[in-house]
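Working notes, beginning with the structure itself.
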Amino acid sequence: MKASDLFVKALENEGVDRIFAVPGEENLDVVESLRRSSIELILTRHEQTAAFMAATHGRLTGKPGVCMATLGPGALNLVTGAAYAHLGAMPMVLITGQKPIKTARQARFQIVDIVATMKPLTKSSRQIVSGASIPAVVREAFRLAQDERPGPVHLELPEDVASEEVSDDLVVIPPHPVELPVAQDAAIDRAATMLANAKRPLVMFGAASNRPRLAGQLTSFIRRTGIPYFNTQMGKGTIAAIGSDEASELWLGTAALSERDYLHEAIDRADLIVTIGHDTVEKPPFIMGPKGPKVIHIGYTPAIVEQVFSPHAQVVGDLGLSLARLADRVEGKLPNAGALASLREGILRRTMDRATESRFPLTPQRIVNDVRAVMPADGIVALDNGMYKIWFARCYRNRSANTLLLDNALATMGAGLPSAMMAALLYPQRRVMAVCGDGGFMMNSQELETAVRLKLNIVVLIIQDDAYGMIRWKQAVDDFADYGLTFGNPDFVKYAEAYGAKGRRVESAEGLVPALDAAYREGGVQLVVVPVDYTENNRVLVEELKNRVMEEVTQ
């Protein structure tokens, strides 16, 4: 058989059912082997989208998504997606082609050292130089991609290696379960003692607490300890923020900013913060300092010490088991567990202020409120990156885990639509929405064709301000002139229709919910455009929060 056949068999052995790709001539042997396999080849309109979709597959399932591109320019277009998965801890395998390595009949045409390019952006980057090595190389790639901390792995398969004949006796290597290490008793005891002595404890859930394997275990920890908690942006949804469950009633909010927000009233008063799954690739949820609280880091891997994060104790090992053992030590023994719970009502009330205001164009708070109204408990909202992301992080209340997908690590524009497309492929019976600014949407808007071709049911909400809004806001906050960040846009309704999708524009403050409901009832690929009033950025995130801090100082 051909080495490409063996390669595809190895992918099937790993449970791969889809590959997202823009193939080139160096991939043609693999493409032919895929044609005869059980794996679906999904053609995207840009390699970046293929990588974003593969990364989101890893994020939602815990199993590596797979994307493929050719050499040179195609492979380089995967780079942003590789960084997205690398910083976001999403398991993914990237496959690229290359010219033959045993001859050089085209000299150096299109040749870039992609293995070297990918090394700083992946957990491993290697070239396959022999067909016989494929079973071991592929097995190791998938093992490494899933191993904590998860991330992308790159494999380069040269054209002549893919086409060579290999022995039919070569067999793939079956995966086997790998149990995570268990935290040491001494670490559990140390953390338990610190919790027992705390006067105002607080729990924070970070990015790694959103691993699919953790369903229910984190909620159990909060129920058993009774400690109020908050989350980072990428830890959002770890525990349902809405419901009658006692755990949801202890949620204080999301650290959408690093300081000064209403949530920081609790953070600033805490004398001990237990960070669960915190990854310092995220924008800091709070700034540690010598006068701040003690911090316990509980994670799969040791904490990376940063200028703004240097924990006083660590519990390293399987998160679910570590938390269960810690709860066993302290349950019923924390008389001060709920000391900060009384702050909850005031924090959430002020955070959600003006969420139903009838102003047009709509305020960001109203947009978040109306999206929440049309999304069921299991509905998935995938955010692109822009000013609205801060508002969704602050104001959107999750009903279940992994239902608000945002990137607070690489924070790249252009990922929102591909992420939502992946969610719609995985969960075709659930409501899925991509929320994009007009700038981020246009970076990968061509994928509307892919979504239509795949017959996805998806709503794309475009928040229009005709500018790169977050940078323009920062420009104003820093007292720079308003310059260089505005642009024109196409007629988005006609643009959607040109791809075979449906489009509609919101024309009033009360028009968003009916437009979204109608889009979901109609089904297929739907685009809804809503204008936004971003004067709230300065009113709330600058003036209001600055005044709050000044009031505290004068009290």
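Some notes on this structure:
- Positions within region 522-545 being out of contact with any helix residue (DSSP H, G or I) (no Cβ under 9 Å at 6 or more places or on another chain) and modelled with pLDDT of 95 or more, in sequence order: 522, 523, 531
- In region 73-100, residue surrounded by the most Cβ atoms within 10 Å (Cβ to Cβ) [restricted to those that are in contact with a Lys or Arg (Cβ under 9 Å, 6 or more places away or on another chain) and farther than 19 Å from residue 426 by Cα]: 88
- Just so you know, in region 105-132 the residues that are modelled with pLDDT under 95 and among the β-branched types (Val, Ile, Thr) include one that is surrounded by the fewest Cβ atoms within 10 Å (Cβ to Cβ), and it is 111.
- Residue match in region 30-42 (condition: of a type outside the set (Ser, Thr, Tyr), within 23 Å of the chain's Cα centre (by Cα) and surrounded by fewer than 23 Cβ atoms within 10 Å (Cβ to Cβ)): yes
- Residue 390 in contact (Cβ under 8 Å) with a residue 24 or more places away in the chain, of a type in the set (A, V, I, L, M), surrounded by fewer than 24 Cβ atoms within 10 Å (Cβ to Cβ) and outside the structural domain of residue 252 (by TED's automatic domain parsing): yes
Residue-wise test of (1) of a type in the set (S, T, N, Q); (2) surrounded by fewer than 19 Cβ atoms within 10 Å (Cβ to Cβ); (3) out of contact with any strand residue (DSSP E or B) (no Cβ under 6 Å at 6 or more places or on another chain); (4) over 15 Å from residue 362 (Cβ atoms).
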{"residue": "423", "(1), (2), (3), (4)": "no, no, no, yes"}
{"residue": "434", "(1), (2), (3), (4)": "no, no, no, yes"}
{"residue": "439", "(1), (2), (3), (4)": "no, no, yes, yes"}
{"residue": "464", "(1), (2), (3), (4)": "yes, no, no, no"}
{"residue": "517", "(1), (2), (3), (4)": "no, yes, yes, yes"}
{"residue": "538", "(1), (2), (3), (4)": "yes, yes, yes, yes"}
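- The number of residues in region 301-338 that are in contact with a His (Cβ under 8 Å, 6 or more places away or on another chain) and closer than 24 Å to residue 249 by Cβ comes to 0.
- Criterion: within 25 Å of the chain's Cα centre (by Cα), among the acidic types (Asp, Glu) and not assigned by TED's automatic domain parsing to the domain that holds residue 9 - qualifying residue of 179, 148: 179
- One residue stands out among those in region 386-430 that are aromatic (Phe, Trp, Tyr) and over 14 Å from the mean Cα position of the chain (by Cα): the one that is farthest from residue 214 (Cα to Cα), which is 388.
- Looking across 55, 21, one residue alone is closer than 30 Å to residue 211 by Cβ, of a type outside the set (Val, Ile, Thr), outside the structural domain of residue 384 (by TED's automatic domain parsing) and assigned to a helix (DSSP H, G or I). It is 55.
The values are calculated or read from the model by the stated rules, or taken from the named source; none is laboratory data. These numbers come from a predicted model, not from an experiment. Don't worry about glycine lacking a Cβ; one is built from the backbone with ideal geometry, like all the others, and counts go over all protein chains shown.
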